[in-house]
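K.L.:
A single structure is presented below for examination.
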Amino acid sequence: MKVPVRWLKELVPTELSAREIAERLTLAGLEVEAITEIGSTWDNIYVGVVERIEPHPNADRLVLATVDAGTHRLTVVTGAPNIAPGQKVALALPGATLYDGHSVEPKLITLKPSTIRGVRSEGMVCSEKELGLSDEHEGIMVLHADAPVGVPLREYLGDQVLELEITPNLVHAFSVVGVARELGALIGQRVRYPERAPLPVGGPEGLVTIEAPDLCYRFVGVVIEDVKVGPSPWWMQQRLQAAGMRPINNVVDITNYVMLEWGQPQHAFDRDRLREGRIVVRRARPGEKIETLDGVLRELDPDTLVIADAERPVGIAGVMGGLESEITEQTRTVLLETANFEMRSIRRTARAQRLRTEASARFERGLDPNLAWEGATRAIALFQQLIPGCRVTAVVDIYPNPRLPRQLCMPRSEIPRLLGVDFPDELVLEVLDRLEFQPELRQEDGRAVIIVQVPTYRSDVTIAADLVEEVARVIGYHELPEALPLGRTVPVEISPELRLVRAVQDTLVAAGLTEVITYPMVDEAALRALLPGAATFPDRYGLYPRPERELVRAVNPIRPEWAIMRPSLLPSLLRSAAENLKFNRAVAIFETGKVYLPRGLDELPDERRTLGCLLAGARHLRDLYHEERPVDYFDLKGVLETLLPRIGAPDLRFRPLTHPSLHPGRAAEVLVKGQPVGILGEVHPEVVEAFEIDPDLRVVFAEIDLQRLLEVGLEPPRLRPVSRYQPIDQDFAVVVDEATPATEVADAIMAGAGALAVSVRLFDIYRGPAIPAGKKSLAFRVTFSAPDRPLSDEELARLRERIEGHLRRRVKGELRR
Amino acid sequence: MSGEVERIRQQALAELQQASSTAALAEWHGRYLGRRGELTQLMRRISQVPPEERPAYGQAVNALKEELAARFEQREAEVKRSELSQRLAAEAVDVTLPGRAADVGGLHPVTQMIREVTTIFNHLGFQTVEGPEVEYGYYAFDALNIPQDHPARDVWDTIFIVSDQKEIVLRPHTSPMQIRTMERRQPPVRVVVPGRCYRFEAVDATHEWHFHQIEGLAVDEHITMADLKGTLAEFARQLFGQERKVRFRCDYFPFVEPGVDFAIDCMFCRGEGCRVCKGTGWIEILGAGMVHPQVLRNVGYDPERYTGWAFGMGVERLVMLKYGVPDIRLFYQGDLRFLAQFNRALA
Ligand SMILES: [Zn+2]
């Protein structure tokens, strides 16, 4: 909301600057977001009077105007169609800064004397657009006849405008009077309310009928006859413009002026265009339409509250009037509506019609019905002032349930209880009095209470806590001390899930991966791209099986590609990789985000904390020491083999996996304690390509269900004694069938060695003439150690024999000698 | 014979001085001190010495042996040291050549900030908890004193989730966890809640539809707004520097009363007024207030007995302020060239 400072200071006279006023209001909860200056650029511009007009010798459309501005008297060349002798105008002298009247974007230019068609023009008579007041550039701006000639325009017209953010609770401050009340309370000064006219109620039966009393709480209808429609006076136009509204004509301007001043929207109908000259407030009938003032033909649903005449809607209540009954130059009789409507209904209608107006913004915050009377009486005062000779001939006020001030009782102790500090009684009472709450300090049931009568315009003050806020904000929050909470403390434990996530993140960072955070939403195209070469959806999304039910979907996504809550991290990380591969040769990223698996339609989805890791492109960039090589399956497997034992996942296994999104020969299921917890594999080249990554680049992906890991059970380190005897390494070259997995061979060795084998490490794989075709030789280095003794040669020989036996039985392996 | 001893001594010492490699030394050692070396020979020749001179002769040979052994040891050390320094000289490198990199990744700046903020509050006695991102309208709005069709609801432009009877939304703030936490436990409550939030909002340099918040909540007997002010001031000083000034001003959120906007003095202009603080000298970093009595009632707490306060802050904004990130969109574009700049062990 825009509040011109001159207007505000008229209601609350103060020496404070605009900046100081803004500061006080902001601290008290009325945030001033900006202060704009009207006329800050108006150097060298004066109020002038047009003395005479002469034709331009060389151009029909131009004239020579001689303008007197006191100390300056100039002849200017102008093409303004509306210029006339005797007019007061804004005269710009050379050096003045003006907005370019012909530029669409605001553009400042400096005025220089110029020669136009052979005649020298020494200055310029300005349009509103050139002064930065509006986009109007059809003609020059004509000032009010009272404008003092020779005075700098800035002094006459300049102003500062506060732009306030009106939070939903601040309906009482949604007007100049409202802001004035606030400012008055803050600086301890009473408001000088604008003049209002007495209105004797009386009029014909049936002038106004309310058929929907649940949606219309009050209707003040005033008939004004002998109205002469014309432009409103300059001062009013100026204020409307400063507050961001366009002047239309005196009648409409009065209603807008009252709305800005008091916060009470009004609507003026041309009564002669109302069928039977009467008003009915009712819900719209099926199929009814109305063309509103903005020229849009609108269909009205039956929830819409309308202002109708005897036959048809003539306005959408609280939102916008109808075009057909608008005020025109021919209007003689006005029916002025000053009403109060149910806030939720107005809000629904404004939303449904996509029509937010100054009126609806106020009504939907819940206006005080008593304000209607103030609005109507103020409007009539203005009618009488602006249109001499007009007559009020009927006044109806339908207000079946008048709202009375709310009495509130607040224990005196509530202030220190909530604020942690107390203020003297006198100060508290003074503050509440400045707010016009009529406070009274009493003893009731042996305790001190403050009784207040909350003015009806303060609908936001309903409980004791609200009163505490009033006291605190008027005194100022800066008066509160800084303390720390006392009393009982709570043990601060960090949940296993958070600890796990943190450990996973830290380990992966140490392993060279960078954490990304991606939008957790995807689209169907991305999901379909996870299944190469088929029209249907994949049966698995990353780690998770495709749910029976529809995925979790947004009703109103920001963009279509963010419509589905992701069921896997794979598409998110592939997208991130695709972007990064444009700029990097090596990508190593992870995310500890969530996937969202549907449950029942009205149930919240299963949000599973999941780890996704992705390596793509090169593993090492070529440098002095490394050749560059493409990443592959084993790079990421190594990361998992580092990660999972570190976070306490025992008994880690990998088993071949067939997965629609992964390489058929390079994919594995990850098992912990025999339970599947994740997947790992090179991404299928067709999937890679579908995500706009060069399919020749290898992309390796792993997805681990962290919640599942917790369910399976992570284990603390199990200590084994550290031997003080030298460990002994022995090598075993085992010839097995090509198809035998290496893990099984290693398992057989471990089984044979029992507790004495500290580690088994595969260090070579040999295929070639020295061994039979269809076989491979796996070379393991086994480290033996006993906690309590050195191992003797005999013991080692026995171990070797047992290992040999296990190899033979379990994997049909033979030791090479 | 003693002349012979002296001759050998002279010769041995001269040769020792000549021996300048480990191999030459070994050879010298064999020649003089070895089993068949010169000194053994000398000792054998004792039989040719007149008996009365024998003790003196023996002593002289033994003395020579000891002397040579000592000299050898000394020389050996010299030679070894000289050989080592030759080797080391030959091994000299250009110390400015690049090292072999230890590949270390990094945490996302938002994760780092969440850790930093929650750690500060953990130390102030707040427990970190998390809640669902897909949330019932009841928890996101109604229980927080934001009824259906209330204009306050417009402040949160919400993304809705397909459902049947119940309203389900992507939480527009972390505040639903206030309700969930209080429903689950009795006072005293002190929690801090980080998490993702979503709004139906056009994306620009300062707005994201997907962002992170950290919520805080303290409820007990005797919890006051002065505590809130002190706690937030302490937090802001730990995060943004001990010299920070703080500002508390009145603001409106439906689930608190009185409501607070919390700001720190602008670190870019030190309060003078600049583009970042829009000329005000203050930077708003969070909203807060005393928990509304209706919210306490909604979870079955007695508002006459308990008071509490809550606050909520945008994580991205904190990172942007602390590190001068110009555009919020950088966080979720996932560009490693941006993210890598936050690869620090200490923030
Ligand atoms: Zn600043």
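K.L.:
How many residues are under 15 Å from residue A:354 (Cα atoms) and not in a strand (DSSP E or B) when one looks only at the stretch A:278-302?
P.N.:
So the count comes out to 6.
K.L.:
Still on this model: Limited to the stretch A:455-491, what total is found for residues that are part of a helix (DSSP H, G or I) and either more than 23 Å from residue A:424 (Cα to Cα) or within 7 Å of another protein chain (Cβ to nearest Cβ) (or both)?
P.N.:
8
K.L.:
With respect to residue B:334, determine if the residue is within 16 Å of the ligand (Cβ to nearest atom), at the interface with chain A (Cβ under 9 Å from one of its Cβ atoms) and either modelled with pLDDT under 95 or surrounded by fewer than 19 Cβ atoms within 10 Å (Cβ to Cβ) (or both).
P.N.:
Numbers: within 16 Å of the ligand (Cβ to nearest atom): no; at the interface with chain A (Cβ under 9 Å from one of its Cβ atoms): yes; either modelled with pLDDT under 95 or surrounded by fewer than 19 Cβ atoms within 10 Å (Cβ to Cβ) (or both): yes.
Considered against the rule, which asks whether it is within 16 Å of the ligand (Cβ to nearest atom), at the interface with chain A (Cβ under 9 Å from one of its Cβ atoms) and either modelled with pLDDT under 95 or surrounded by fewer than 19 Cβ atoms within 10 Å (Cβ to Cβ) (or both), residue B:334 comes out as no.
K.L.:
Restricting to the stretch B:159-177, count the residues that are more than 7 Å from chain A (Cβ to nearest Cβ) and in a loop (DSSP other than H, G, I, E, B).
P.N.:
The total comes to 6.
K.L.:
Among (1) more than 23 Å from residue B:254 (Cα to Cα); (2) surrounded by fewer than 20 Cβ atoms within 10 Å (Cβ to Cβ); (3) not hydrophobic (A, V, I, L, M, F, W, C), which single condition is residue A:374 missing?
P.N.:
Tallying (1) more than 23 Å from residue B:254 (Cα to Cα); (2) surrounded by fewer than 20 Cβ atoms within 10 Å (Cβ to Cβ); (3) not hydrophobic (A, V, I, L, M, F, W, C), residue A:374 fails exactly one: (2).
K.L.:
Would you call residue A:471 under 26 Å from residue B:146 (Cα atoms), at pLDDT 95 or above and of a type in the set (Val, Ile, Thr)?
P.N.:
Taking the combined requirement at face value, the residue satisfies it.
K.L.:
Kindly establish whether residue A:541 is aromatic (Phe, Trp, Tyr), out of contact with any His (no Cβ under 9 Å at 6 or more places or on another chain), within 30 Å of residue B:234 (Cβ to Cβ) and crowded, with 16+ Cβ neighbours inside 10 Å.
P.N.:
no
K.L.:
With the stretch A:311-393 as the region, which helices (runs of 4 or more DSSP H) entirely inside it contain at least 3 residues that are within 18 Å of residue A:270 (Cα to Cα)? It would help to see each step written out before you state the result.
P.N.:
Working: elements: A:343-352, A:358-363, A:371-386.
In the stretch A:311-393, the matching helices (runs of 4 or more DSSP H) lie at A:371-386.
K.L.:
Which of the following residues is within 21 Å of residue A:164 (Cα to Cα) and within 11 Å of another protein chain (Cβ to nearest Cβ): B:259, B:230?
P.N.:
It is B:259.
K.L.:
From the list A:180, A:242, A:197, A:185, exactly one residue is touching a Pro at 6+ places or on another chain (Cβ under 6 Å) and either modelled with pLDDT under 95 or open to solvent by less than 20 Å² (accessible area, probe 1.4 Å) (or both). Which is it? Full working, then the answer.
P.N.:
On the way: A:180 fails: touching a Pro at 6+ places or on another chain (Cβ under 6 Å); A:197 fails: touching a Pro at 6+ places or on another chain (Cβ under 6 Å); A:185 fails: touching a Pro at 6+ places or on another chain (Cβ under 6 Å).
Exactly one of A:180, A:242, A:197, A:185 is touching a Pro at 6+ places or on another chain (Cβ under 6 Å) and either modelled with pLDDT under 95 or open to solvent by less than 20 Å² (accessible area, probe 1.4 Å) (or both), namely A:242.
K.L.:
To continue, here is another question. When the residues of the stretch B:300-313 are filtered to those that are of a type in the set (Gly, Ala, Ser) and surrounded by 20 or more Cβ atoms within 10 Å (Cβ to Cβ), which remaining residue is nearest to the ligand (Cβ to nearest atom)?
P.N.:
So, considering only residues that are of a type in the set (Gly, Ala, Ser) and surrounded by 20 or more Cβ atoms within 10 Å (Cβ to Cβ), the one nearest to the ligand (Cβ to nearest atom) is B:312.
K.L.:
What is the one condition in (1) of a type outside the set (D, E, K, R); (2) buried (at least 19 other Cβ atoms within 10 Å of the Cβ); (3) farther than 22 Å from residue B:212 by Cβ; (4) modelled with pLDDT of 95 or more that residue B:150 does not satisfy?
P.N.:
(4)
K.L.:
I need a count of the residues in the stretch A:398-443 that are within 37 Å of the chain's Cα centre (by Cα), part of a helix (DSSP H, G or I) and not β-branched (Val, Ile, Thr).
P.N.:
7
K.L.:
Which number in (1) within 14 Å of chain B (Cβ to nearest Cβ); (2) closer than 30 Å to residue A:480 by Cα marks the one condition that residue A:360 misses?
P.N.:
Tallying (1) within 14 Å of chain B (Cβ to nearest Cβ); (2) closer than 30 Å to residue A:480 by Cα, residue A:360 fails exactly one: (2).
K.L.:
Right, residue A:741: over 23 Å from residue A:719 (Cα atoms) and either out of contact with any His (no Cβ under 6 Å at 6 or more places or on another chain) or open to solvent by less than 20 Å² (accessible area, probe 1.4 Å) (or both) or not? Steps first, please.
P.N.:
Details: over 23 Å from residue A:719 (Cα atoms): yes; either out of contact with any His (no Cβ under 6 Å at 6 or more places or on another chain) or open to solvent by less than 20 Å² (accessible area, probe 1.4 Å) (or both): yes.
In short, yes.
K.L.:
Before we move on, is residue B:321 more than 16 Å from the ligand (Cβ to nearest atom), buried (at least 18 other Cβ atoms within 10 Å of the Cβ), hydrophobic (A, V, I, L, M, F, W, C) and not in a loop (DSSP other than H, G, I, E, B)?
P.N.:
no
K.L.:
Among the residues of the stretch A:2-20, which ones are within 14 Å of chain B (Cβ to nearest Cβ) and not acidic (Asp, Glu)?
P.N.:
A:18, A:19
Every residue, every condition in (1) more than 15 Å from residue A:480 (Cβ to Cβ); (2) surrounded by fewer than 21 Cβ atoms within 10 Å (Cβ to Cβ); (3) within 16 Å of the ligand (Cβ to nearest atom); (4) not assigned by TED's automatic domain parsing to the domain that holds residue B:152, yes or no:
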| residue | (1), (2), (3), (4) |
| --- | --- |
| B:235 | yes, no, no, no |
| B:248 | no, no, no, no |
| B:251 | no, no, no, no |
| B:255 | yes, no, no, no |
| B:274 | yes, yes, yes, no |
| B:279 | yes, yes, yes, no |
| B:285 | yes, no, yes, no |
| B:290 | no, no, no, no |
| B:298 | yes, yes, no, no |
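K.L.:
Considering the stretch A:22-73 alone, what residues qualify as being among the aliphatic types (A, V, I, L, M), within 20 Å of residue A:242 (Cα to Cα) and away from chain B (no Cβ under 14 Å)?
P.N.:
Scanning the stretch A:22-73 gives A:38, A:45, A:47.
K.L.:
Could you identify the single residue in A:619, A:549, A:528, A:553 that is of a type in the set (Lys, Arg), facing chain B (nearest Cβ under 8 Å) and open to solvent by 20 Å² or more (accessible area, probe 1.4 Å)?
P.N.:
Exactly one residue qualifies, and that residue is A:553.
K.L.:
Here is a check on your reading of the model: is residue B:223 within 16 Å of the ligand (Cβ to nearest atom) and open to solvent by less than 10 Å² (accessible area, probe 1.4 Å)?
P.N.:
No; evaluated as a whole, the condition is false for this residue.
K.L.:
Quick one: residue B:289 ticks every box in (1) in contact with a Lys or Arg (Cβ under 9 Å, 6 or more places away or on another chain); (2) within 10 Å of chain A (Cβ to nearest Cβ) except a single one, so which number is it?
P.N.:
(1)
K.L.:
Going residue by residue through the stretch A:678-698, is there one that turns out to be closer than 21 Å to residue A:607 by Cβ and either at pLDDT 95 or above or not assigned by TED's automatic domain parsing to the domain that holds residue A:642 (or both)?
P.N.:
yes
Per-residue answers, yes or no, for (1) crowded, with 23+ Cβ neighbours inside 10 Å; (2) within 37 Å of the chain's Cα centre (by Cα); (3) closer than 30 Å to residue A:164 by Cα; (4) outside the structural domain of residue A:460 (by TED's automatic domain parsing):
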{"site": "A:308", "(1), (2), (3), (4)": "yes, no, no, yes"}
{"site": "A:338", "(1), (2), (3), (4)": "yes, yes, yes, yes"}
{"site": "A:342", "(1), (2), (3), (4)": "no, yes, yes, yes"}
{"site": "A:362", "(1), (2), (3), (4)": "yes, yes, yes, yes"}
{"site": "A:386", "(1), (2), (3), (4)": "no, no, yes, yes"}
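K.L.:
Report, ordered by the first and then the second residue, all pairs with beta carbons closer than 9 Å, sequence separation of six or more or different chains, a first member in the stretch B:222-242 that is under 16 Å from residue B:307 (Cα atoms), and a second member that is of a type in the set (Val, Ile, Thr) and surrounded by fewer than 24 Cβ atoms within 10 Å (Cβ to Cβ).
P.N.:
Final answer for the pair search is B:224/A:421; B:225/A:421; B:225/A:468; B:226/A:421; B:229/B:246.
K.L.:
Just wondering, is there one or more residues in the stretch B:262-272 that are open to solvent by less than 40 Å² (accessible area, probe 1.4 Å) and away from the ligand (no atom under 16 Å from the Cβ)?
P.N.:
Yes, the stretch B:262-272 has at least one match.
The values are calculated or read from the model by the stated rules, or taken from the named source; none is laboratory data. Note that this is a predicted model, so its numbers are computed, not measured. For neighbour counting, all protein chains shown are included, and Cβ atoms are generated from backbone atoms with ideal geometry for every residue, glycine included. Ligands, DNA and RNA are excluded from the accessible area calculation, which covers all protein heavy atoms including side chains. Shrake-Rupley method; radii C 1.70, N 1.55, O 1.52, S 1.80 Å.
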